[in-house]
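The values are calculated or read from the model by the stated rules, or taken from the named source; none is laboratory data. Source: prediction; values computed, not measured. Glycine also receives a Cβ, built like all others from the backbone with ideal geometry; neighbour counts cover every protein chain displayed. What goes into the accessible areas is simple: the full protein's heavy atoms, side chains included, and nothing from ligands, DNA or RNA. Shrake-Rupley method; radii C 1.70, N 1.55, O 1.52, S 1.80 Å.
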Amino acid sequence: SAKQIGQIYLGILFGVILLLALLHSLFLNLEIGKVHWFHLDREQNIPTWFSGMLFFLFGCSATVAYYWEKRHDFEGFKGFRLPELWLGVAAIGFLMSLDEIGALHENLFWREIRHASAKWGGAWQYLTQWQILFIPVILAFFSYLTLFFLNRLGMSNGMRRSALMGIGCLLVAVIFEGARSVFYVMGHDWY
């Protein structure tokens, strides 16, 4: 059944995440060709390609949902409001995939913002440029996704819970990445 397939799929993804965590702990400092292949806090390596692939699959899933809602509406079902809203969800997935794989938010204006935030002093010096420049975009993405999924998945408590858990996990990841300087100040082991 579709539920069993979904559970197997999620189990495989969770297994890969555990494997990446294990590889990170075993091969944290393994560097080949100036790449830390398993380091979870580095860019353009296996963990970031995996997370970029997950964002891409998220965008693909939203595109498939758009297709099926349009098809059902075309066949006269008329149970879905504005299937085009799925395209916004798909765009978020594809943009996040591109950003994750290309390390865009880490590289855009980092020198200029780092220079300015060092001048400002205080807590500003611990913030990265993406925290300063892209927080409005991140909040807009989260707001759109939360409102969309609350509205769209209102028919099923299980679907709504799953969507909100996914958004919550993504939000926790963004918060942890944003607070990494706090952990760094607390000591290398905490970081």
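Largest to smallest in accessible area, the residues Lys119, Lys34, Lys70 fall in the order Lys34, Lys119, Lys70 (1.4 Å probe, all protein chains included).
Compared with the dominant principal axis of the Cα atoms in the chain, helix 46-74 is inclined by about 20°. Loop-resident chymotrypsin sites (Phe, Trp or Tyr not before Pro) (DSSP state other than H, G, I, E or B) in the range 38-99 with no more than 12 further Cβ atoms inside 10 Å of their Cβ: Phe77. Seen against the Cα atoms of the chain and their longest principal axis, helix 135-152 is set at about 20 degrees. Taking Gly158, Gly178, Gly33 as the candidate residues, the one with maximal mean-square fluctuation in a Gaussian network model of the chain, Cα springs under 10 Å, is Gly33. Computed on the chain, with alpha-carbon pairs under 8 angstrom and 6+ residues apart, the relative contact order is 12 percent.
On the range 8-153, 73 percent of the accessible area sits on carbon and sulfur atoms, based on a 1.4 Å probe. Per residue, the range 18-135 exposes 64 Å² of accessible surface when a 1.4 Å probe is rolled over the protein heavy atoms with every protein chain present.
Using C-alpha pairs under 8 Å with a sequence gap of at least 6, the mean separation divided by the residue count of the range 1-98 gives a relative contact order of 22 percent.
Relative to the longest principal axis of the Cα atoms of the chain, the long axis of helix 157-178 makes an angle of roughly 20 degrees.
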